[in-house]
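To keep things clear, I will list the structure first and then write my remarks on it.
The values are calculated or read from the model by the stated rules, or taken from the named source; none is laboratory data. If you're wondering where the values come from, they're calculated on a predicted model, not measured in any experiment. Reconstructed Cβ throughout: ideal geometry from the backbone, glycine too, with neighbour counts over all protein chains shown. All accessible areas refer to the heavy atoms of the entire protein, side chains included, with ligands and DNA or RNA removed. Shrake-Rupley method; radii C 1.70, N 1.55, O 1.52, S 1.80 Å.
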Amino acid sequence: MLMQEERELVVEYGKKMSAARLSTGTSGNISIYNAEQGLVAISPSGMDYFSTTPEDVVILDLDGKVVDGKRKPSSEWALHTTFYKHKPHARAVVHTHSVYCTTLAVLGEPIRAVHYVIGDAGAAEVPCAPYQLFGTEALAEAAMEVCGKSDGVLLGNHGLVCCGKDIKGAYGLACNLEYVAELQYRAMSIGKPNVLTEEQMAEVMVKFQSYGQPDNKKSGY
């Protein structure tokens with residue numbers, strides 16, 4: 001089976017995403033990019049993650065052409081391939097409808113540096129793209145236009161999309177950004193959040209470079 005390892009990981013992390021309630025029902029999607037083959041393994045459209053098998057995962061090229069698989073690919077395939085085209089380090093993309101990230105997206109609010117762990121995104125702020133219809137190239141273009149150096153971006157009235165150097169990193173970033181978004185929401189509910197300055201976040205970024213074990217520096221802070 002073409003890209004068997006990647007397909008198995010898409011299934012595994014789809015179940016994790018659903019179990020963690022980062023997405024409910026059949027919402028959200030996951031992909032993994034094999035740069036050597038120039039191919040993407042992406043979750044199928046509209047299927048429950050706990051009933052999805054590796055055979056259900058679809059293999060695409062970066063233009064969205066189905067190379068292998070019997071299922072229809074996620075409607076957000078263009079969102080995923082756009083990240084791979086514009087973020088050279090990206091090898092996995094996770095798109096969620098997590099509650100607090102989506103709440104900020106409904107408000108048109110970015111995720112701000114209310115906690116230093118936002119630095120996992122590679123930026124001090126995760127911006128919010130204007131609303132576009134789901135499953136369109138316009139949505140993918142809007143996300144890429146505003147994300148800048150950040151590995152994550154909110155989609156107006158929709159959810160979150162983020163990328164990483166592997167699926168573990170992309171999924172971990174989705175979890176961290178939901179945590180920061182919840183803190184921001186709760187702080188906004190009772191007062192004005194104290195947002196870390198650019199100088200403070202610059203120190204965080206430097207500190208992150210030497211944090212953790214040499215083979216896994218971005219695994220929990």
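Numerical summary
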read-out: Qualifying positions in region 126-161 - buried (at least 18 other Cβ atoms within 10 Å of the Cβ), out of contact with any Leu (no Cβ under 8 Å at 6 or more places or on another chain) and part of a loop (DSSP other than H, G, I, E, B); value: 150, 156
read-out: Top-ranked residue in region 182-199 [being over 14 Å from residue 117 (Cα atoms) and either part of a loop (DSSP other than H, G, I, E, B) or of a type in the set (A, V, I, L, M) (or both); ranked as most open to solvent (accessible area, probe 1.4 Å)]; value: 192
read-out: Residue in region 65-72 that is under 14 Å from the mean Cα position of the chain (by Cα) and open to solvent by 20 Å² or more (accessible area, probe 1.4 Å) present; value: no
read-out: Filter pass, residue 60 being more than 19 Å from residue 98 (Cβ to Cβ) and open to solvent by less than 40 Å² (accessible area, probe 1.4 Å); value: yes
read-out: Flag if residue 107 is surrounded by fewer than 19 Cβ atoms within 10 Å (Cβ to Cβ) and over 23 Å from residue 47 (Cβ atoms); value: yes
read-out: Criterion violated by residue 149 - all others in (1) of a type in the set (Lys, Arg); (2) more than 23 Å from residue 16 (Cα to Cα); (3) out of contact with any Gly (no Cβ under 9 Å at 6 or more places or on another chain) satisfied; value: (3)
read-out: Pairs with Cβ under 8 Å, 6+ apart, first in region 121-135 and at positive phi, second open to solvent by less than 80 Å² (accessible area, probe 1.4 Å) and among the polar types (S, T, N, Q); value: 122/150; 135/75
read-out: Wholly within region 7-114, strands (runs of 3 or more DSSP E) carrying at least 2 residues that are out of contact with any His (no Cβ under 7 Å at 6 or more places or on another chain), at pLDDT 95 or above and not β-branched (Val, Ile, Thr); value: 29-34, 39-42, 58-61, 92-96
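Every residue, every condition in (1) open to solvent by less than 20 Å² (accessible area, probe 1.4 Å); (2) acidic (Asp, Glu); (3) on the phi > 0 side of the Ramachandran plot, yes or no:
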position: 8; (1), (2), (3): no, yes, no
position: 56; (1), (2), (3): yes, yes, no
position: 85; (1), (2), (3): no, no, no
position: 95; (1), (2), (3): yes, no, no
